[in-house]
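Following: one structure in structure tokens, then a few remarks.
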Protein chains: 2
Amino acid sequence: MNIAIIGGGAAGMTAASRVKALRPDWNVMVFERTGFVSHAPCGIPFYVSGFVEYLEELCTYDVNYFRSERGIDVHTNAKVFEVGDGYLIAEENGKERRYEWDKLLFATGSKARGLNAKYEELEGILSVNDNIMNAERVKREALKSENIVIIGSGYIGVEMAEAITRLGKKVTVIEMAERPLPEYDAEIAAILKAEMEKFVNLRLGERVVAFEGKDRVEKVLTNKSEYKCDMAIVAVGIRPNTEIAKGFVELGKSGAIKTNSRMETSRENVYAAGDCAESINIVTGKPDWIPLATPANKMGYVAGVNMAGYELHYPGSLKSQITSFYELEIGKAGLSEHEAIREGYEVISSFITTKSNARYFIDGLIHLKVVADRSGKLLGIQAAGKGVAMRIYAASALLYRGSNVRDLFFTDFPYYPPVSRVWDPLVVAARNLFRKIGIP
Amino acid sequence: MNIAIIGGGAAGMTAASRVKALRPDWNVMVFERTGFVSHAPCGIPFYVSGFVEYLEELCTYDVNYFRSERGIDVHTNAKVFEVGDGYLIAEENGKERRYEWDKLLFATGSKARGLNAKYEELEGILSVNDNIMNAERVKREALKSENIVIIGSGYIGVEMAEAITRLGKKVTVIEMAERPLPEYDAEIAAILKAEMEKFVNLRLGERVVAFEGKDRVEKVLTNKSEYKCDMAIVAVGIRPNTEIAKGFVELGKSGAIKTNSRMETSRENVYAAGDCAESINIVTGKPDWIPLATPANKMGYVAGVNMAGYELHYPGSLKSQITSFYELEIGKAGLSEHEAIREGYEVISSFITTKSNARYFIDGLIHLKVVADRSGKLLGIQAAGKGVAMRIYAASALLYRGSNVRDLFFTDFPYYPPVSRVWDPLVVAARNLFRKIGIP
């Protein structure tokens, strides 16, 4: 059997490894357009800030490992530009080659979104994307710049803002929405806003309309003002990379490739996994596009098992995420209140600010928001402050299991004064919601 | 209505507050034998080490707060010595007084276990118990001693060992079992053992048989050796404090007061909550005695709601716990492997040692053990190292919801390089168990 996998990122390499583990005698080919496989772009901000010295450290394993230890036929710098029934054509070292496949996986990842403003001709304007070579360029340019504008304050924008201020540069962050991390609710975003304003010039509710400069960018113009700079980083989000898949397999509403729980596409023997694929949002039960590293790996795992002829179902994801800005941790699992309302839920919510550990330990404030529907079913949990990761881990587990406010209250969270409280913030928030759903 | 509550610890004060919140016009009396209410003995080691300066800081609220803000009739230094149908008799300021009740709650907590060896006549031998005044004595004695023997290495023994070495004293810990924290499995306990041996003289598999000294303890004798000391701390566990309840209400197999999920005892209008009460072990589904702070508070909450004439059910607890010894965090939720075997389960387990965060962050090893039954149902999770609290929080949520190995694998835990991994240790351990339950 010939297995072809397009894309050597998290999903692709996990699927390849899985097929090879279950079917050692099958031929598993991976076509990766860059020189790196198993790259983990989540680490890019830590490379830019200098915390991680070498780009290679961001790759879990190198190409040789996959070739020699796992027996995977990895093709790097191989750009697939045509896919048809049972074959694909790739360009490698300037030459076109045709490969046959019995089963195919799209693991083509995502692409950085652009802006409406024109900027391709100017130097010094860069996106952060999942090609980790790009991180080297971003860092090189940042080191020789003084004033840097970051456009967008999703988690990549926020993490880059920290990374670049750590390099000693002046940073302006321009965000179209009224708050940073717009997927979060206003209460949580306000905490981040206050923290960001200590380090960067944060411009909210502004839309970039143009760039000015001779050869190199010199100014970013918004609908409200203008900002001098010698570098601009575009971090306004990503979109599924479906160029080759489009027309060959069906896409979903989100624009990502439609899949079922076995990661099968609309075409027999063709699978999709990772940032290019749709999956189920566990909270809503509806198809969603959730381009995050952990779901990508698990989708790849499930795709690999099914491609190998076994059966395993991917239940979907919660969009669980954690990030930080300097000392402030921020995390979210499931839906924010505004996302839940947009999905048609009638919601109840509780927002609290409290110590995350015993009061005789300093420095442990946590801001926590729990969102549920009127029956008490949990829809999402957001947090900012200290002790965020442990609460978002617990929230992910409860949301995954379709839990309600009563479960959140009664889950037996351990108490240890340095890290938690006898009435955990999660439990306090649940108790606040008791009144709203008629629990005494 | 007259409500009488015996014991002003976590369970008692929570129940009292709950009744008063739901029934402001009812008379709620609390009888507490010490001068403190709402005391949180979990903080005692932090007081002994000097981290917490004043004992009062260990009490969430003081007596006046409960009296004036919550309208609870708190009697401190009030020892209840007789309970009958509809009445109790307490000794207060040397006088006996009789009080009538319509509903009664036993929240009498636990007592430190003693040793078979005789030691009452010798000075310098102390227990750590939930009377926080006792913490002051322990600290005073420790400060004037040089060689201190701690008997027992449950979590109180372990935490006291750190606290007292932090005071610069020489500490010997004597444990009857072959490992510290005997409720944990050997793999996890071995990590703790190695860490403890850096700071204390840890004597495992030794049983204390006698104490020697004139007026003050001078030597602890075990079945194998003897240890010079000028102070000994007995921390060999606790037992339910059921002296007054015994004979009036039924006790369970564990020796604690038998309750149903409304915290009702065998006698109408009589309730029990906290360390003196039995509840359900969520993993086994059987009655168990789980004397920990968080369950005590929740039992108190449920008892209060039901005493107020409403209905709320306590689902039980997981014995979730976290502790630490210097830099090593240790935690557990549900059953260890040997506990599961003792309960009659046929078990599978996975023990792994791995980074708890991305490999380009230093200093993040975690040792993790997952125990399940042969169907894949999760029975318990233990961890030692870094990032323990977040994994035990997640484990608690999954165990509370009766989850299996597949749920552990597919829960969408968030990835952020400084705190977690794209394949979280929990997920890796789950994947290891896939083979054993036939998941490809």
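Any idea which residue in the stretch A:296-309 is farthest from the other protein chains (Cβ to nearest Cβ), counting only those that are small (Gly, Ala, Ser) and within 16 Å of the chain's Cα centre (by Cα)? Before you say what the answer is, go through the steps one by one.
Narrowing the stretch A:296-309 to residues small (Gly, Ala, Ser): A:296, A:300, A:303-304, A:308-309.
Keeping just the survivors that are within 16 Å of the chain's Cα centre (by Cα) gives A:296, A:300.
Details: A:296: 8, A:300: 11 Å.
Filtering first and then ranking leaves A:300.
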Considering the stretch A:47-74 alone, what residues qualify as being buried (at least 22 other Cβ atoms within 10 Å of the Cβ) and not in a loop (DSSP other than H, G, I, E, B)?
A:47, A:48, A:58, A:66, A:74
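This table checks each residue for (1) modelled with pLDDT under 95; (2) loosely packed, with under 15 Cβ neighbours inside 10 Å.
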{"site": "B:115", "(1), (2)": "yes, no"}
{"site": "B:127", "(1), (2)": "yes, no"}
{"site": "B:131", "(1), (2)": "yes, no"}
{"site": "B:147", "(1), (2)": "no, no"}
{"site": "B:158", "(1), (2)": "no, no"}
{"site": "B:168", "(1), (2)": "no, yes"}
{"site": "B:174", "(1), (2)": "no, no"}
{"site": "B:177", "(1), (2)": "no, no"}
I need a count of the residues in the stretch B:354-379 that are of a type in the set (Lys, Arg), farther than 16 Å from residue B:189 by Cβ and outside any loop (DSSP other than H, G, I, E, B).
2
Looking at B:293, B:277 in this structure, which one is of a type outside the set (Val, Ile, Thr), surrounded by 21 or more Cβ atoms within 10 Å (Cβ to Cβ) and away from chain A (no Cβ under 13 Å)?
B:277
Can you tell me which residue is farthest from the other protein chains (Cβ to nearest Cβ) among those in the stretch B:385-414 that are in a loop (DSSP other than H, G, I, E, B) and surrounded by fewer than 24 Cβ atoms within 10 Å (Cβ to Cβ)?
B:386
State yes or no: is residue B:185 at pLDDT 95 or above and either over 24 Å from the mean Cα position of the chain (by Cα) or not β-branched (Val, Ile, Thr) (or both)?
yes
Within the stretch A:251-262, is even one residue touching a residue at least 12 places away in the same chain (Cβ under 8 Å) and within 14 Å of another protein chain (Cβ to nearest Cβ)?
yes
How many of the residues in the stretch B:280-290 are at the interface with chain A (Cβ under 9 Å from one of its Cβ atoms) and not in a loop (DSSP other than H, G, I, E, B)?
0
Of (1) over 19 Å from the mean Cα position of the chain (by Cα); (2) touching a residue at least 40 places away in the same chain (Cβ under 8 Å); (3) more than 11 Å from every other protein chain (Cβ to nearest Cβ); (4) within 24 Å of residue B:401 (Cα to Cα), residue B:312 fails just (3)
Answer yes if at least one residue in the stretch B:225-237 is under 19 Å from residue B:157 (Cα atoms), within 14 Å of chain A (Cβ to nearest Cβ) and surrounded by fewer than 24 Cβ atoms within 10 Å (Cβ to Cβ), and no otherwise.
no
In the stretch A:342-353, is there at least one residue being surrounded by fewer than 24 Cβ atoms within 10 Å (Cβ to Cβ), more than 10 Å from chain B (Cβ to nearest Cβ) and part of a helix (DSSP H, G or I)?
yes
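The values are calculated or read from the model by the stated rules, or taken from the named source; none is laboratory data. Every value quoted in this text rests on a predicted model; they were computed, and no experiment measured them. Ideal geometry is used to build each Cβ from the backbone, glycine not excepted, and the neighbour counts take in all protein chains shown.
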